[in-house]
Amino acid sequence: MNSFYKLKTVKVQKDTNDAVNVALEIPEELKDKFRFKQGQYLNFKLLVNGNEERRSYSICNAPSEKSNTLEVLVKLLENGKVSGYFNEHLHMDELLEVMPPMGGFNTSYHPSNTKTYVGLAAGSGISPILSNLKESLYQEPNSNAYLFYSNRSMNHVMKKAEIDKLVEQFNGRLKVVYLVSREKHEDPIFEGRISPEKLDHLFERYTDIDVKEATYFICGPSDMIKGISDYLKKEKKVPAIQVLFEYFSAPDEEDSAEMSDEFKAIANIESMVTVIIDDDEYSFHLNSKKESILDKALKDNLPVPFACKGGVCCTCKAEVLEGEVFMEKNFALTEDEVARGFVLTCQCHPTTNVVMLNYDV
Ligand code: FES
């Protein structure tokens, strides 16, 4: 199971008025632990006003850049405790508690490929998309990439200097289209958010994108992800394997306190749950209708990993070794992982009298 490690900030730099770019130094002895794939994220644990807070932020570097730092972008949110800390108080040489990289928002690259990769990003969704597009360009000399990136205004475009530099560096292999939702543009096609209708217009304009053959990376608000991925798969007949997306918050978060009909329908049983963490076994009783397995483990002070508690980040992933569980939400595991018995324990309730889960996966 992954633990937290202390990493030093070696860059804390404003990227826009409401976003900060933070680089963390990876010391030699942690190089293996912090080896990462494009599109992965880091979990942070920090004390803000005396309370422990956890958040995940996507890495914006690409592995092929071979840097000894990992960089994240943190956008200031309204009333955001952690984003406020990062943007207003974080300083150079500060030690932050960070878990090794996690997440599977990526595809594999091969130098012989000739493909088109299309990044569809809104706001801070740029981080994992930039990481993926850069890696595709470094790894596949015959492939091209498009970035459609929407923000409120041009002043809100994150990583703009780096993106513009990449356009030059890759000499025509990276094309970037900025869209603005609260600013006028002389060409209306560049106004508004990324939506299925907007993509229809953009695909008509950028005809060198073979829509059905391209691979898509989508990151932004949940309604954008859902709308665009459905549009690509259902209307444009893009195979699902070519439509990759990453949520940064649970869809319909405001409804998350409500119990789903499926959850209401599970049997009311008492279960003996055993969890394996770092090769140690811990057991506790849990009623199927009560808190999640993760929440009960935390109540018992067990060292279980977590970050979002919303079924988004995958940090609480475990493998079911015995018995069965009901998983309320899943925005992180692939169908294949679920079929192989992996679950998000922040969303799980036991549905058999005996359940055993392994966090050491
Ligand atoms: S803690 Fe993030 S998915 Fe469970």
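The numbers here are math on the coordinates, done by the rules we state, and not lab data. These figures come from a predicted structure and were not determined experimentally. Backbone-built Cβ (ideal geometry, glycine too); neighbour counts: all protein chains shown.
Can you give the relative contact order of the stretch 5-98 as a percent, counting alpha carbon pairs under 8 Å and 6+ residues apart?
39
Would you be so kind as to identify all helices of the chain, as entire DSSP H runs, whose Cα atoms reach 18 Å or more along the helix's own axis and whose mean Kyte-Doolittle hydropathy is at least 0.0?
126-139
Working from the alpha-carbon coordinates of the stretch 261-358, get Rg over Rh, Rh being the Kirkwood radius.
We get a ratio of 0.92 for the stretch 261-358.
Reachable aspartates and glutamates from residue 159, Cα under 18 Å, same-chain residues fewer than 8 places away excluded?
15, 18, 65, 71, 135, 168
How long are the semi-axes of the equivalent ellipsoid of the stretch 6-98, taking √(5λ) for every eigenvalue λ of the Cα gyration tensor, in whole Å from largest down?
Each semi-axis is √(5λ); the values are 21, 15, 12 Å.
Please go through the residue pairs 160/184; 6/81; 299/329; 14/115; 175/234; 165/236 and name each one whose alpha carbons sit more than 28 Å apart in this structure.
14/115; 165/236
What Kirkwood hydrodynamic radius do you get for the chain when you take the inverse of the mean 1/r over all pairs of distinct Cα atoms, in Å?
When all Cα pairs of the chain are included, the Kirkwood radius is 21.7 Å.
For each of 241, 194, count neighbouring Cβ atoms within 10 Å of the residue's Cβ, then give the residues from fewest to most.
By the 10 Å Cβ count, ascending, the order reads 241, 194.
Checking a compactness column here: for the stretch 142-264, what do you get for Rg(Cα) / (2.2 N^0.38 Å), N being the number of residues?
In units of the globular-protein estimate, the stretch 142-264 measures up at 1.21.
Which whole-number percent is the relative contact order of the stretch 156-307 (Cα, under 8 Å, 6+ apart)?
12
Sorted from largest down, give the three principal axis spans of the alpha carbons of the stretch 75-154, whole angstrom values.
The Cα atoms of the stretch 75-154 stretch 46, 33, 21 Å along their principal axes.
Under a Cβ-only charge scheme (Lys and Arg +1, Asp and Glu -1), can you give me the dipole magnitude of the chain about the Cα centre, in debye to the nearest 20?
840
Nothing charged except the Cβ atoms of Lys and Arg (+1) and of Asp and Glu (-1): what's the magnitude of the dipole of the stretch 116-247 about its Cα centre? Round to the nearest 20 debye.
240
For residue 164 and residue 203 in one chain, what is 0.36 nm times their gap in residues minus the Cα-Cα distance, to one decimal in nm?
Value of the extension gain: 11.9 nm.
Between the stretch 35-82 and the stretch 288-356, what is the C-alpha centre distance in whole Å?
The two parts, judged by their Cα centres, are 23 Å apart.
Quick one: give the max-minus-min coordinate of the C-alpha atoms of the stretch 32-73 along each principal axis, largest first, in Å.
38, 19, 12
Given +1 on the Cβ of Lys and Arg, -1 on the Cβ of Asp and Glu, and no further charges, what dipole in debye does the stretch 261-358 carry about its Cα centre, rounded to the nearest 20?
Dipole size: approximately 400 debye.
May I ask you to sort 352, 114 by Cβ crowding, counting other Cβ atoms within 10 Å and putting the fewest first?
114, 352
Percent relative contact order of the chain, based on C-alpha pairs within less than 8 angstrom and at least six residues apart?
With pairs under 8 Å counted, the relative contact order is 14 percent.
Taking the dipole about the Cα centre of the stretch 86-245, with the C-beta of Lys and Arg at +1 and of Asp and Glu at -1, give me whichever of 106, 216, 123 is farthest to the positive side.
216
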